[in-house]
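Engineer: Supplied in structure tokens, the structure appears directly below.
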Amino acid sequence: MYCINKITSHPTVDFAAEELKKYMRMMMPEAGEIPIKYAPNAKDGLRLGIMSDFGLDTSEAEDLFLDDILHIDTDGKNGIIAGSNHRSVLLAVYRYLRENGCRWFFPGIDGEYIPVQDVQPTQYHKMADCRYRGQCNEGAEYQSNMLEVIDFQPKIGMNVFMIEFDNPKVYYDFYYNSNHNKGNRPPEPISAITAKQWKRQCEAELSKRSLQFHDMGHGWTAEPFGISSANGWVREDDNPVPEDMRQYLAEYKGVRELWGGVALNTQFCMSNPEARTIVAKYVAEYAYKHQNVDYLHIWLADGSYNHCECPECRKKTPSDWYVMLLNEIDEYLTERKLDTRIVFICYTDTTWAPETEKIHNTKRFSFLLAAITRTYTSPVPQVLPQIKLAPFELNKEGSFPRTVEEYILHAKEWRKDANVPSMVYEYHFWVHQYYDLGSMDFAKLLHDDVKGYYKHGFDGIIQDGSQRSFFPTGYNFLAYAETLFDTKVDLEKVKRDYFEHAFGDIADEVINYLTAVTAAFDMCYMMDGNPAAEGKGRYYAPQQAEKLQSIKTIAEKYAPIFEEHRVMPYRAQTVSMKLLRYHLEFVTALAEVCSLKATGEDAKAKEKFLALEESFGRHEFEIGTCFDQHMCFNSLSRIFCAPQNFYEAE
């Protein structure tokens, strides 16, 4: 008889025990009940607790709260499943289950591959290489999926979840307002209070699992002055600015007003000490009310080239004023005896390190590199080239770095005087994942990027992107998670393991199919177009149209195979096959759209693209857990509809 003994009493250990019981009973349907007891002195059964409960060495960790060590030593029915902290105990349970054959391909029950077999003796010990392994909400969110995603995170070894904004209503709006799918799903708008309630529900689920909760980001340049930024990047000409607060808005070309009518994009006059005090006190009050937050991100506005041009603000760079603000926030937090961790960001105009100001209390702060304008056609290099960085020029358009190498060098300049823990905010799963239609090259890019950032001293990555990044498969996301946990992991083994479990005896056919699709579309072309188009349009490339002809042959070859394997031995495999069938439909239609674009028939390409958006949207209810209709078509619209900015269509 199996039994589970909890050595430690803690809500996350309680949850870990329940998860272990659930999946063991699924694996061994005839094994009978598996009792769970709190038994701190137990010497038998499967014993769950933190490593110190068992006298296990944790000296490899610098910080037991942040560093995840997983330790497993069982002989089948007896043994230890432990971690360096309560979260790590849960991670160790999932690792134990994975070592015994369980797999999670994507969020939700349909993504669970749970074999029927007895658990085996298992030995495993590993501290995660990267301290921060996670993602931040983006894209079109719906609440049941958000809860599934949070549940999915620790199952693949992730430990961080960030919820951007005080109220993330804008991301929920993308889904519930049916952006990019109104023809198939009538809009059902939600209120701001509903979005706030849902954020609190997500926070409770994060707490249950002891996942690191990172909060906020943008918004601090508007909310403290009584200006709502809840509608995100939508222009709001009727969004009132309190008259007594207008003096604190950034002055641009002699005027203090909302930048483009968007509060979230509006900077404030950082040289004004009263304005900095308003923001610093607001942050301190927020931190006091939200002490469940592990890391509070303090970012400036999401606009760029729009910093204050008043005579005083011109005396320092935005980064210098930013550091002054951060130090003042630290003073107010210290005054209130709050140990809240603060994250500051190297992003857009604060890419350049400060010239005169320095972080005072380095124990409070962490550094975040956000290389938003980098290209994704080459990975983070292991060795940095010698590059002379361009100096900062106030509001000079087109001055942001274009390569990740430049960004890392800027980060090194920041860290010379701010020797604090550092992490990366990345965008692989935002726009760029949709430009590798087969996903096979992109998985390698993710793998190499994680290793490259780690080589240059970054402690991990938070991905800004859709929570539904599992189309056509979850291989990309797993490659990301596995490499964060173990930067020496063999990507080829990760690929083989994923596809053999997800697709059984046709794993090789599926890999060959996706590899062929990747080659046909050419990720570099999809991302950057054709630089040699000579005035005929960025995406004019007749040779690309010729390559896309192969999609017809690919469809003819693989459609019968996918249809033959419509129903598979495991439900997770059956759903994985469904995703492939819909993916084949998608790429077949998109190949025609791309061919028109590549041969200069832009108007027809746009017409066909919008028709594809309409027709493919009929699948959203069925595959919405894995496929983000909004993010996919909004991203590809950059090619076929040429919006002026990413959210123009909203």
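The values are calculated or read from the model by the stated rules, or taken from the named source; none is laboratory data. This one's a predicted model, so the numbers in the text were calculated from it and none came from an experiment. Quick reminder, even Gly has a Cβ in these numbers, built from the backbone with ideal geometry, and neighbours come from all protein chains shown.
Engineer: Out of T373, T356, report the one residue that is out of contact with any His (no Cβ under 9 Å at 6 or more places or on another chain), within 22 Å of D449 (Cβ to Cβ) and polar (S, T, N, Q).
Structural biologist: T373
Engineer: Just to be sure I understand the filter: pairs with C-beta atoms under 6 Å, separated by 6 or more residues or on different chains, first member in region 524-547 and part of a helix (DSSP H, G or I), second member of a type in the set (A, V, I, L, M). Which pairs pass?
Structural biologist: Listed pairs, sorted by first residue: Q544/A598; A545/A598; K547/A520.
Engineer: Still on this structure: Given the structure, is M245 over 27 Å from M162 (Cβ atoms) and among the aliphatic types (A, V, I, L, M)?
Structural biologist: On the way: over 27 Å from M162 (Cβ atoms): yes; among the aliphatic types (A, V, I, L, M): yes.
Taking the combined requirement at face value, the residue satisfies it.
Matching residues to (1) outside any loop (DSSP other than H, G, I, E, B); (2) in contact (Cβ under 8 Å) with a residue 24 or more places away in the chain; (3) surrounded by fewer than 18 Cβ atoms within 10 Å (Cβ to Cβ):
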{"position": "L296", "(1), (2), (3)": "yes, yes, no"}
{"position": "S319", "(1), (2), (3)": "yes, yes, no"}
{"position": "V323", "(1), (2), (3)": "yes, yes, no"}
{"position": "L333", "(1), (2), (3)": "yes, yes, no"}
{"position": "P354", "(1), (2), (3)": "no, yes, no"}
{"position": "T362", "(1), (2), (3)": "no, yes, yes"}
{"position": "F367", "(1), (2), (3)": "yes, yes, no"}
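Engineer: Count, please, the residues in region 162-192 that happen to be closer than 19 Å to Y425 by Cα and in a helix (DSSP H, G or I). Give the steps one after another, and end with the answer.
Structural biologist: Going residue by residue through region 162-192, those that are closer than 19 Å to Y425 by Cα are 162-166, 168, 171.
The next check asks that each one be in a helix (DSSP H, G or I); those that pass are 171.
Qualifying residue count for the region: 1.
Engineer: While we're here: I want to confirm something. Restricting to region 1-33 and keeping residues that are more than 36 Å from the chain's Cα centre (by Cα) and not hydroxyl-bearing (S, T, Y), which single residue is farthest from G49 (Cα to Cα)?
Structural biologist: Looking at residues that are more than 36 Å from the chain's Cα centre (by Cα) and not hydroxyl-bearing (S, T, Y), I get E30.
Engineer: Check region 380-398 and report whether any residue there is surrounded by 22 or more Cβ atoms within 10 Å (Cβ to Cβ), under 22 Å from the mean Cα position of the chain (by Cα) and assigned to a loop (DSSP other than H, G, I, E, B).
Structural biologist: yes
Engineer: For region 110-161: of the residues being in a loop (DSSP other than H, G, I, E, B) and among the acidic types (D, E), which is surrounded by the fewest Cβ atoms within 10 Å (Cβ to Cβ)? Walk me through it before giving the result.
Structural biologist: Let us first name the residues in region 110-161 that are in a loop (DSSP other than H, G, I, E, B), namely 114-121, 128-131, 137-142, 157-159.
Subsequent filtering for residues that are among the acidic types (D, E) retains 118, 129, 138, 141.
On the way: D118: 12, D129: 18, E138: 23, E141: 27.
The selected residue is D118.
Yes/no matrix, rows are residues, columns are (1) at pLDDT 95 or above; (2) under 29 Å from the mean Cα position of the chain (by Cα); (3) under 25 Å from G101 (Cα atoms); (4) of a type in the set (A, V, I, L, M, F, W, C):
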| residue | (1), (2), (3), (4) |
| --- | --- |
| V510 | yes, yes, yes, yes |
| V517 | yes, yes, no, yes |
| A520 | yes, yes, no, yes |
| I551 | yes, no, no, yes |
| H565 | yes, no, yes, no |
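Engineer: I need the full set of residues from region 477-517 which are touching a strand residue (DSSP E or B) at 6+ places or on another chain (Cβ under 9 Å) and under 26 Å from D215 (Cβ atoms), in order please.
Structural biologist: F477, Y480, A481, L484, F485
Engineer: Go over the candidates Y435, Y427 one by one and state the one that is at pLDDT 95 or above, in contact with a Gly (Cβ under 7 Å, 6 or more places away or on another chain) and closer than 24 Å to Y171 by Cα.
Structural biologist: Testing whether each residue is at pLDDT 95 or above, in contact with a Gly (Cβ under 7 Å, 6 or more places away or on another chain) and closer than 24 Å to Y171 by Cα leaves just Y427.
Engineer: Regarding region 356-364, can at least one residue be identified that is modelled with pLDDT of 95 or more and either touching a strand residue (DSSP E or B) at 6+ places or on another chain (Cβ under 6 Å) or of a type in the set (F, W, Y) (or both)?
Structural biologist: Yes, that holds for at least one residue.
Engineer: Given the structure, is F609 surrounded by 21 or more Cβ atoms within 10 Å (Cβ to Cβ) and of a type outside the set (D, E, K, R)?
Structural biologist: yes
Engineer: May I pose another question? Name the residues in region 2-43 that are of a type in the set (D, E) and in contact with a Cys (Cβ under 7 Å, 6 or more places away or on another chain), would you?
Structural biologist: Within region 2-43, no residue meets the criteria.
Engineer: Another one. How do the helices (runs of 4 or more DSSP H) wholly within region 567-643 filter down when requiring 2 or more residues that are polar (S, T, N, Q): which remain? Please lay out each step first, then the result.
Structural biologist: Working: elements: 571-598, 602-616, 620-623, 629-640.
Once the helices (runs of 4 or more DSSP H) in region 567-643 are filtered for at least 2 residues that are polar (S, T, N, Q), what remains is 571-598, 629-640.
Engineer: Then there's this: Mind telling me which of the residues A82, A61, A42 ends up being outside any loop (DSSP other than H, G, I, E, B), of a type in the set (A, V, I, L, M) and modelled with pLDDT of 95 or more? Write out each step before concluding.
Structural biologist: Values: A61 fails: outside any loop (DSSP other than H, G, I, E, B); A42 fails: outside any loop (DSSP other than H, G, I, E, B).
When all the criteria are applied, what remains is A82.
Engineer: Here are the criteria: (1) out of contact with any Asp or Glu (no Cβ under 8 Å at 6 or more places or on another chain); (2) in contact (Cβ under 8 Å) with a residue 40 or more places away in the chain; (3) of a type in the set (A, V, I, L, M). Tell me which single one V93 does not satisfy.
Structural biologist: Single failed check for V93: (1).
Engineer: Could you list all residues from region 20-39 that are in a helix (DSSP H, G or I) and out of contact with any helix residue (DSSP H, G or I) (no Cβ under 6 Å at 6 or more places or on another chain)?
Structural biologist: Matches in region 20-39: K21, K22, M24, R25, M26, M27.
Engineer: In addition: Which condition does I329 not pass, out of (1) of a type in the set (V, I, T); (2) touching a Phe, Trp or Tyr at 6+ places or on another chain (Cβ under 8 Å); (3) under 19 Å from N272 (Cα atoms), if it passes all the others?
Structural biologist: So the condition that I329 fails would be (2).
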